[in-house]
Amino acid sequence: MVTHTANIKEVGAAMDQVELRRLESKCSQENPPACTAGCPIHVDVRKLMQAIQNQDWKSAASILQQKQPFPGIISRICDHPCEDVCKRKDVGATVAISNLEKFCLENHAPKIANVGAVPPKSQTVAVVGSGLRGLTTAYDLARKGYIVTLFEKSDRLGGNLWKHPEQQLPAQVITNELSVLNRPNVTIERNAGITRQDLSQLKERFDALYIGFAAQSEDALELLGENSRIDPISCTTPIAGVFAGGQLGNNSPINAVADGRRGAVSIDRYLQGASLTASRDGEGAFESNLFVNLNKIPSLPAVPMSHESGGYTGEEAVREAGRCLNCQCLECVKACKYLESYGGYPKKYLREIYNNESIVMGTRHANKMINSCTQCGLCAEVCPNDLDMGQVCLASRESMVRRGKMPPSAHDFALRDMAFSNSEQFALTRHQPGFDSSKYVFFPGCQLSGSSPEHVEKVYAYLTEQLAGGVGLMLRCCGAPAHWGGDQGQFQTSFEEMVAEWESLGKPQLIVACSTCHSIFREKLPGVVSLWELIKDMDLPVQGAGTNYGKVAVQDPCTTRYEQGIHEAVRHILLRLGCEIEELPYSKELTKCCGFGGLTAFANPGLARKIVENRIKESTADYVAYCAMCRDRFAAHGKRTLHLLDLIFADDLQNAATRPDSGFSQRHEHRARLKRTLLHRFWQTPQEKERGYRTIKIICNEEISKLMEERLILLEDVQQVIEHAEGTGRKFINPDNDNYLAYFRPARVTYWVEYQPQENGFVVLNSYSHRMEIVEEVKP
Amino acid sequence: MNKTDNLPPKPVWKCGKCGGELKHGTVKITYLGNDLRVEELKCLNCGLVLITEELALGKMFEVEQSLEDK
Ligand code: SF4
Ligand code: SF4
Ligand code: SF4
Ligand SMILES: [Zn+2]
């Protein structure tokens, strides 16, 4: 039998290799800084500057040695094209990279790097000329184990190096640095000028040849004659196996080194039978795509040298290196607590998400990470390439749900909350009393109804007074929890139900009070309008001096990021109410999520707490929110926050600003009660009484309520446990204090409650839950 | 406090249905199609199984999470 599971990419996964590459290419964080890209041999300058700041001279030397063939020489004579592109240039002056390298080598010179023990190769290479090109080629190939013979026409190695003044490049340094070539696989032939006639003989003797002169230079022309057409990328000449300097001129020492290195790469590839042309873009200087935001970086002038000729002092060097911006992109990571909290950046996360999807058997380590994003879209707004990690995480969640791999605990509670709101307990669709058609329908949403039902009542009354043509009412949830959780099936079902109800009213214009509902409906249903845009110029119950509240900082919900109309309407209303507006550093299209979006508060409560704590620190002014969830979450963390509706409808604003978070249990109660109240008040339906377990009276102190809230245990869960325990007698008893302990599993979670019966109810002493199911052999 | 060394503490809970003592016995628990057999306190008469807070929020939670990520 053949099984086909192991290597096949899972059906329904959100990302394939092509998509991964496309997304990865948007994140520039792993691109080198401008200096490294601009250095023809790619010295890791950023790391070097860190090492200098830390006065870690050993690391500094090894960073230089990693790329520079003869650091002592190069650091003294480099023409430093890196400095032309250094980002510091635009905010002060370019970092004095070359002088700092010189400082390192002059003051903290490492021991001459020792022969690396590479397995020797049998192939032989002749290098003609011992200027920087030839020296570099010889050195690089020798390090790879080739048997190298270096031909120099004079009696000493170095060529043009000797033309540098002694005080810039002392003779002793040249001799010392070139001693790295004293190794068993390198033969140096001095006084061995090579002529065009010698070439064919050399070709016989050696497997490859490198002519270490600048392209088109007198020396090169003389040697190669009609064969001096040299390919600048691969350094090939028209003669197979003969390579030569591909760059013109000798005025740039560092380019000569890079040219020699290119030749060595080509010869190595040639001798290994590899392609000479494939993927060579990374060699030599190039322009980096790394995005560096220079906004808000204060300008700093270069650190002057106290002794111009003597170079930097140690203290000056450390200060000058300290001007390095440590160039990184990280724009989104700086803006988003979620991205920050996982210690990496999108390019890394994309790979983790991709790998998570590809796992067939084994642990998916990135599940929690994927479920922790708030889907707020700020990353895309700040990313120079618009990479939207929210969309990536959403697509991944959708694929997890499709494949049955979504951890049930992540979103179960929120989805049940949504089911509650779309059940008989809350859902309601009506024309305005006395009307049999609706021009508008008010959709307050489940969270506003759960948080401040009294506002929903007042807004509905207000809208029916102000608007002609009938204002219907629809109570339910917009389906955002299913959308955020990646459950497209549940979302679709809920949305279709909603649309059917809306159609039953004759497709009136939807007025939404919640920006999340707005974001869910705006593309799917025509004419959706936010309450704020609708009422911005209408008569308000209070205005002007009416509120007298003073300064407020506006929290734009993340679901309004690109809703300029809503941002303006809200500010317009605030001004009409006589408030003074403070804009938060992150507002409007840069606004930040309160930590509820994307269901982060359920999948990763610790992170959601950090998000909200960070957000409320942005200003000391009282906040005004126009999303009930933002309002409640800020309030829960001790921030004085008003809902915009408080300013319009509340009697006591001081109380409103400090009103605690409603909590999950109360939100359910509020919604259910709101439905009964509205039915009674507007449609004269007799007030229904609570029935069944909902009538069981539960007494719990603040501490227990808080515990239940944290553990996502609702009052109705506790009521069901007690009803079940008291009804069946299936409970434990503590003979010391007569406390009872019992459990019940209404659906996918088992709830435990420790309680004590009292005359008029039950005192809850503890409650906890688990998702695993106990399979009891129930005995009668 | 008197030291009872390594003996597990006597359970405080008794079965509320029959008043019997709880004893360790095999309990089957299941999650996401995985069955586990563990030794837990239960009433051997009535079958009632006790999962303490410590167990529910500790070990059990860990196992739940790791099964969810499989
Ligand atoms: S000074 Fe020269 S070797 Fe150093 S980083 Fe700049 S270009 Fe490269
Ligand atoms: S600021 Fe530092 S990291 Fe950025 S380009 Fe200049 S030297 Fe390189
Ligand atoms: S969508 Fe929001 S929470 Fe998610 S990564 Fe982007 S900025 Fe962070
Ligand atoms: Zn019993």
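Taken together, the criteria place residue A:516 among residues that are in contact with a Cys (Cβ under 8 Å, 6 or more places away or on another chain), open to solvent by 10 Å² or more (accessible area, probe 1.4 Å) and either part of a strand (DSSP E or B) or modelled with pLDDT of 95 or more (or both).
When residue A:41 is tested against the conditions (1) at pLDDT below 95; (2) buried (at least 18 other Cβ atoms within 10 Å of the Cβ), the lone failure is (1).
Check region A:478-487 and report whether any residue there is on the phi > 0 side of the Ramachandran plot and of a type in the set (D, E, K, R). Lay out the reasoning, then the answer.
Of region A:478-487, the ones on the phi > 0 side of the Ramachandran plot are A:479, A:486.
Add one more test, that the residue is of a type in the set (D, E, K, R), and what stays is none.
Checked against the condition, which is being on the phi > 0 side of the Ramachandran plot and of a type in the set (D, E, K, R), region A:478-487 yields no hits at all.
Could you tell me which residue of region A:759-780 is farthest from the other protein chains (Cβ to nearest Cβ), considering only residues that are touching a strand residue (DSSP E or B) at 6+ places or on another chain (Cβ under 7 Å) and open to solvent by 60 Å² or more (accessible area, probe 1.4 Å)? In this case the residue turns out to be A:765. Across region A:746-756, the qualifying residues are those that are more than 9 Å from every other protein chain (Cβ to nearest Cβ) and in contact (Cβ under 8 Å) with a residue 24 or more places away in the chain, and the one among them that is surrounded by the most Cβ atoms within 10 Å (Cβ to Cβ) is A:753.
From the set of residues in region B:37-48 that are more than 7 Å from every other protein chain (Cβ to nearest Cβ) and open to solvent by 60 Å² or more (accessible area, probe 1.4 Å), which is farthest from residue A:735 (Cα to Cα)?
If we filter region B:37-48 for residues that are more than 7 Å from every other protein chain (Cβ to nearest Cβ), which is where we start, we get B:37-44.
Among the residues that remain, those that are also open to solvent by 60 Å² or more (accessible area, probe 1.4 Å) are: B:37, B:39, B:44.
Details: B:37: 29, B:39: 24, B:44: 18 Å.
Residue satisfying both the conditions and the ranking: B:37.
When every residue of region A:86-102 is checked against the conditions, at least one turns out to be within 30 Å of residue A:296 (Cβ to Cβ) and open to solvent by 70 Å² or more (accessible area, probe 1.4 Å).
Among the residues of region A:735-745, are any part of a loop (DSSP other than H, G, I, E, B), open to solvent by less than 20 Å² (accessible area, probe 1.4 Å), within 11 Å of chain B (Cβ to nearest Cβ) and of a type outside the set (Asp, Glu)? Within region A:735-745, none of the residues are part of a loop (DSSP other than H, G, I, E, B), open to solvent by less than 20 Å² (accessible area, probe 1.4 Å), within 11 Å of chain B (Cβ to nearest Cβ) and of a type outside the set (Asp, Glu). Candidates are the residues of region A:304-318 that are among the aliphatic types (A, V, I, L, M) and modelled with pLDDT of 95 or more; the one that is surrounded by the most Cβ atoms within 10 Å (Cβ to Cβ) is A:317. Considering only region A:674-684, I want to know if a residue exists there that is surrounded by 14 or more Cβ atoms within 10 Å (Cβ to Cβ), in contact (Cβ under 8 Å) with a residue 60 or more places away in the chain, part of a helix (DSSP H, G or I) and of a type in the set (S, T, N, Q). Yes, the conditions are met somewhere in region A:674-684. The residues of region A:362-379 that are within 15 Å of ligand 3 (Cβ to nearest atom) and either in contact (Cβ under 8 Å) with a residue 40 or more places away in the chain or in contact with a strand residue (DSSP E or B) (Cβ under 7 Å, 6 or more places away or on another chain) (or both), listed by number, are A:368, A:371, A:372, A:373, A:374, A:375, A:376, A:377, A:378, A:379. With respect to the conditions (1) open to solvent by less than 10 Å² (accessible area, probe 1.4 Å); (2) closer than 16 Å to residue A:516 by Cβ, residue A:552 falls short on a single one, namely (2). Suppose we filter region B:10-20 for residues that are in a strand (DSSP E or B) and either within 16 Å of ligand 2 (Cβ to nearest atom) or closer than 14 Å to residue A:736 by Cβ (or both); how many remain? So the answer is 1.
Considering region A:239-259, the residues that are more than 45 Å from the chain's Cα centre (by Cα) and more than 18 Å from residue A:207 (Cβ to Cβ) include one that is least open to solvent (accessible area, probe 1.4 Å), namely A:249.
Okay, residues lined up against (1) open to solvent by 10 Å² or more (accessible area, probe 1.4 Å); (2) over 27 Å from the mean Cα position of the chain (by Cα); (3) more than 11 Å from ligand 1 (Cβ to nearest atom); (4) under 20 Å from residue A:288 (Cβ atoms):
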{"site": "A:33", "(1), (2), (3), (4)": "no, no, no, yes"}
{"site": "A:36", "(1), (2), (3), (4)": "yes, no, no, yes"}
{"site": "A:49", "(1), (2), (3), (4)": "no, no, no, yes"}
{"site": "A:58", "(1), (2), (3), (4)": "yes, yes, yes, no"}
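Residues that are among the polar types (S, T, N, Q) and closer than 25 Å to residue A:561 by Cα within region A:478-525 comprise A:488, A:492, A:494, A:509, A:515, A:516, A:519, listed in sequence order. For region A:319-352, filtered to residues that are surrounded by fewer than 18 Cβ atoms within 10 Å (Cβ to Cβ) and in a helix (DSSP H, G or I), the residue that is nearest to ligand 4 (Cβ to nearest atom) is A:341.
Quick grid of which residues meet (1) at pLDDT 95 or above; (2) among the basic types (Lys, Arg); (3) within 16 Å of ligand 2 (Cβ to nearest atom):
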site	(1), (2), (3)
A:324	yes, no, yes
A:327	yes, no, yes
A:333	yes, no, no
A:344	yes, no, no
A:358	no, no, no
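The residues of region A:692-716 that are in a helix (DSSP H, G or I) and within 14 Å of chain B (Cβ to nearest Cβ), listed by number, are A:704, A:707, A:708, A:710. Scanning region B:49-70 for residues that are without any contact (Cβ under 8 Å) to a residue 12 or more places away in the chain, within 7 Å of chain A (Cβ to nearest Cβ) and under 19 Å from residue A:725 (Cβ atoms) yields B:51, B:53, B:56. One residue alone among A:327, A:336, A:332, A:373 is within 16 Å of ligand 1 (Cβ to nearest atom) and closer than 28 Å to residue A:386 by Cβ, and that residue is A:327.
If you filter region B:28-70 down to residues that are touching a strand residue (DSSP E or B) at 6+ places or on another chain (Cβ under 8 Å) and among the acidic types (Asp, Glu), you find that the one that is farthest from residue A:742 (Cα to Cα) is B:35.
Could you list all residues from region B:12-34 that are more than 7 Å from chain A (Cβ to nearest Cβ) and more than 15 Å from the chain's Cα centre (by Cα)?
Just the residues of region B:12-34 that are more than 7 Å from chain A (Cβ to nearest Cβ), to begin with: B:18-26, B:32-34.
Residues satisfying the conditions are B:18, B:19, B:20, B:32, B:33, B:34.
The values are calculated or read from the model by the stated rules, or taken from the named source; none is laboratory data. Computed from a prediction, not measured in an experiment: that's the story for all the values here. Here Cβ is always computed from backbone atoms with ideal geometry, including for glycine, and neighbour counts include all displayed protein chains. These area figures cover heavy atoms from the full protein model, side chains too; ligands, DNA and RNA do not enter into them. Shrake-Rupley method; radii C 1.70, N 1.55, O 1.52, S 1.80 Å.
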